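Reviewing the structure listed below.
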Amino acid sequence: MDFQIKTLSTAQAATDKCDALIVLAAAGASPSKDVIATLVADARKSGDLGDKAGKVLALYRPARIAAPRVLLASVGDGKPASVRTGVLAAVAAAKAADPKRVAIVFAQPTDAAGLRSAVIAAADASYVYTATKSKPEPRSIRQLDFGVADSAALREAFGEAAATVAGIELAKEWANRPGNHCTPTMLAEAAQKLAALPQLKCEVLGPKEVQKLGMGAFSAVAQGSAEPLRFIVLRYQGAPKDEAPVVLVGKGITFDTGGVSLKPAAEMDEMKFDMCGAASVLGVFRALGDIRPSINVVGLIPTCENMNDGRAIKPGDVITSMSGQTIEILNTDAEGRLILCDALSYARRFDPAVVVDIATLTGACVVALGGVRSGLFASDDALADALLEAGEASQDRCWRMPLDDDYAEGLKTNFADVANVAGRAGGAVTAAKFLQRFAGDFPWAHLDIAGTAWKSGAAKGATGRPVGLLLSYLLERARQGDARPVPRKARRHAKAR
Ligand code: BES
Ligand code: MN
Ligand code: ZN
């Protein structure tokens, strides 16, 4: 898809020969008197176009407008969230006529946040999955032009938004692929492809290397699968080398059967989405390569399948993690925390400024927060606040959950240092408490995206979340020059990898 930004008043938009013209109108009167502004004002007066964001009025060949189809879309108060609602509704309505070129014009001046929101929403509404269709329906919308009062002032925001879209779409693409078209090996190849982008590097470890590192927990999950595991290390360097990086860790279970603690058959297909954390990390790096902010970021992706097999782990097995802690596996379906704990131990060698892991970790988080907000757990208030803020700014929201030590009680066992599950109560929190044991002393946050990473039902598919949230956090951090050089005193290994 081709995105462009243009300086376009509503008067100029009337002469634009696109297939469909979407006019984003905020509540309140516009001072302009051109044909489009007058249409909007009339529709408002008659009550046909309400003030509520998301209301769309479709017109066919209205007089003195070049585009054959015009959609007046209300964006309410004009704030980013309302712009998103309006654009989603308008693009969905426009798609019915299969337009090739769509122009979206703001009927009133907008700011960077409003434009970003419009671009990301328009891309969201027009995404089409094709990877495993024999006759891929081409994405009908080929070109999307965004008309604003002053394009020069918004060019940077537009570039960021377009890069974010590329990241979100890469994440959706890999997340939507079924398990046999998205193996750990294929995921690693996708990561390696990203290394062609400027300032980006990728290294991939296999079973032997992972074993040698002592990643007994990660190896244990992978041992029941015929597909070899991969440990992906991505590095983006946008700041001086000695600046401490943000480390992102993404859960990459390409399919989760539950293992011996087998999942029920209904909806098990959705467990192909169990690598959405990994996909979001790939998406973030795709965007970083475009935007090139002054920050250092490391991406770690432990990826494997969780399968049932003669060699698979069994309930009661005790394994030794990279940290040295022994773990009793009471439920083989709690595999995400097992692959993440070793990745968190590995993160230490980068002397990270912060570590954020992203995982479709628990069904309990879906019960707690549904599909609206991701669960946020953090050992550090400043990091929690920054992530909450980034979620609001990108409309990719999260909600802070507790980490009281009392929640860890149920993880105690007689046979190892820790068990991999506690009881049913507070399942999202006890999972986070398990991870926290491996998060070392760096500021750490955990995003449980089990409810937000994909949609079920008729609109089944990946959402690309939380790429928007993570990018918003990283770009803000780069802007604030937050990533000051940190003395590398805590270095345990002679060489950073
Ligand atoms: N990938 C699942 C979590 C999940 C389940 C996400 C359903 C979205 C929808 C994870 O590996 C898992 O199976 N977790 C278990 C943990 C339990 C055994 C303590 C769960 O949530 O049931
Ligand atoms: Mn599982
Ligand atoms: Zn899982």
Inset, instruction - Would you kindly compute the Cα radius of gyration of segment 189-327 and its largest Cα-Cα separation (Dmax), both in Å? - result: 16.6, 50
Legend entry - Positive-pole candidate from Asn331, Gly283, Val318, dipole of the chain, charges at beta carbon: Gly283
Legend entry - Accessible surface, per residue, of segment 169-237 when the full set of protein chains is kept, probe 1.4 Å, Å²: 42
Inset, instruction - Apply 1/(1 + (r/R0)^6) to the Cβ-Cβ distance of Glu476 and Thr38, taking R0 = 35 Å, and write down the FRET efficiency to the nearest 0.05. - result: 0.30
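Taking 8 Å as the Cα distance limit and 6 or more residues as the minimum spacing, I'd like the relative contact order of segment 106-234 as a percentage.
Relative contact order comes out at 24 percent.
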Legend entry - Note, ³J(HN,Hα) from phi for segment 100-106, Karplus 6.51, -1.76, 1.60, rounded to Hz, x at Gly and Pro: 8, 10, 10, 10, 10, 10, 7
Legend entry - Electrostatic dipole magnitude of segment 166-496 [Cβ: Lys, Arg +1; Asp, Glu -1; Cα centre; debye, to 20]: 840
Legend entry - Per residue accessible area of segment 2-142, 1.4 Å probe, in Å²: 46
Inset, instruction - Enter the angle in degrees (range 0 to 90, nearest 10) between the Cα long axis of helix 35-46 and the first principal axis of the Cα atoms of the chain, meaning the one along which they spread out most. - result: 80
Inset, instruction - Collect residues whose amide H, placed 1.01 Å from N in the peptide plane, falls under 5 Å from the amide H of Glu305; neighbours closer than 5 in sequence don't count. - result: Thr254
Legend entry - Extended-chain gain in nm, criterion 0.36 nm per residue less alpha-carbon gap, Glu137 and Asp111: 5.9 nm
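Expressed in nm to one decimal, what extension gain is obtained for the pair Asp406 and Ala382 from 0.36 nm per residue of sequence separation less their Cα-Cα distance?
Values: separation 24, 0.36 × 24 = 8.64 nm, distance 2.27 nm.
Going from the current span to full extension adds 6.4 nm.
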Inset, instruction - Compute the long axis of helix 155-176 from its Cα atoms, compare it with the longest principal axis of the Cα atoms of the chain, and write down the angle in degrees, 0 to 90, nearest 10. - result: 50
Legend entry - Heavy-atom SASA rank of Arg437, Arg373, Arg400 (probe 1.4 Å, accessible area, largest first): Arg437, Arg400, Arg373
Inset, instruction - Rank Gly426, Ile104, Val87 by how far each Cα sits towards the positive end of the charge dipole of the chain (+1 on Lys, Arg Cβ; -1 on Asp, Glu Cβ) and give me just the farthest. - result: Ile104
Legend entry - Sequence of Glu156, Glu173, Glu392 from largest to smallest accessible area, 1.4 Å probe: Glu156, Glu392, Glu173
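For an R0 of 56 angstrom, estimate the FRET efficiency from the Cβ-Cβ distance between Ala63 and Lys212 and round to the nearest 0.05.
Details: r = 74 Å, r/R0 = 1.32.
With a Förster radius of 56 Å, E is 0.15.
Considering only protein heavy atoms, what per residue accessible area in square angstrom results for segment 430-484 with a 1.4 angstrom probe?
Working: 1820 Å² over 55 residues.
Result: 33 Å² per residue.
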Inset, instruction - Taking amide H positions as placed in the peptide plane 1.01 Å from N, state which residues far from Asp357 in sequence (5 or more) or on other chains have amide H under 5 Å from it. - result: Val249, Ala445, His446, Leu447
Inset, instruction - Starting from the Cα coordinates of the chain, work out the convex hull volume and express it per residue in Å³. - result: 146
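Under the definition of Cα pairs under 8 Å and six or more residues apart, what whole-number percent is the relative contact order of segment 2-142? Before the final figure, lay out each step's value.
Numbers: 262 pairs, mean separation 39.7, N = 141.
Computed value for segment 2-142: 28 percent relative contact order.
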Legend entry - Surface share of carbon and sulfur [accessible, 1.4 angstrom probe, percent] for the chain: 52
Legend entry - Accessible-area value, Tyr127, 1.4 Å probe, nucleic acids and ligands omitted, Å²: 40
Inset, instruction - Relative to the longest principal axis of the C-alpha atoms of the chain, give the angle of the C-alpha long axis of helix 276-291, reported between 0 and 90° and rounded to the nearest 10°. - result: 60
Legend entry - For the chain: relative contact order, % (alpha-carbon pairs under 8 angstrom, 6 or more apart): 14
Inset, instruction - Counting only DSSP beta bridges with both residues in the chain, tell me the antiparallel percent, nearest 5. - result: 40
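The values are calculated or read from the model by the stated rules, or taken from the named source; none is laboratory data. Please read all numbers here as calculations on a predicted model, not as lab measurements. Positions of Cβ are generated from backbone atoms using ideal geometry, with glycine treated the same way; all protein chains shown enter the neighbour counts. Note: accessible area is taken over every heavy atom of the protein model, side chains too, but ligands, DNA and RNA are not part of it. Shrake-Rupley method; radii C 1.70, N 1.55, O 1.52, S 1.80 Å.
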